[in-house]
Amino acid sequence: MLTKKGKYGLKAMIALASLPEGEMAFAAEIALAERIPKKFLDTILLELRRSGLVKSRKGRAGGYALARRAEDISIGACMRVLDGPLAPISCASRTAFAPCHDCNDVTECLVRRAMTEVRDAISDILDAQTLADLAKTEQNGFSAFQRLRPPASS
């Protein structure tokens, strides 16, 4: 299940993906635009920065931005950073495998086999979608930042 941390983090990443190239956004802006508690968002952005998905800069011209192009960051990568392995049970995980205490043989376990298929299906879908894909489909063609920062009229 997607946690609040995962949902808020994904919303923040999509918001950053919708920024014009070279621009940065402050955590307070993202929190306001996406209706995320600022303190919680600060923690999430720190984790995303530590993972290398987000970069930050201090000062008036600072803020947060994606560390790579939105086309190069999958939703699956974001979810693994924010919520951990995608597998529904630990014995089906590729990155955090742990055998179940009640299982005699993981190679023969039918529950593990089924959950491995679930993991693969989830992974295939989330790894095939990028932040750029989601940023393109923002509601009404306007990103949260475009609603927050309307274009200046000439």
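Values quoted throughout were computed directly from the atomic coordinates according to the rules given, and no laboratory measurement underlies them. What you see is a predicted model, and the numbers here were worked out from it, not measured in a lab. Backbone-built Cβ (ideal geometry, glycine too); neighbour counts: all protein chains shown.
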The exposure ranking of L86, L32, fewest beta-carbon neighbours within 10 Å first, is L32, L86
Taking N as the number of residues in segment 1-134, what is its alpha-carbon radius of gyration divided by 2.2 N^0.38 Å?
1.22
Test of the criteria: in segment 31-121, which GluC sites (Glu not before Pro) are in a DSSP loop and have at most 12 other Cβ atoms within 10 angstrom of their Cβ?
E108
Treating only the Cα positions of segment 85-129 as identical point scatterers, give the base-10 log of I(q)/I(0) from the Debye formula at each q in 0.16, 0.17, 0.23 Å⁻¹.
-0.40, -0.44, -0.73
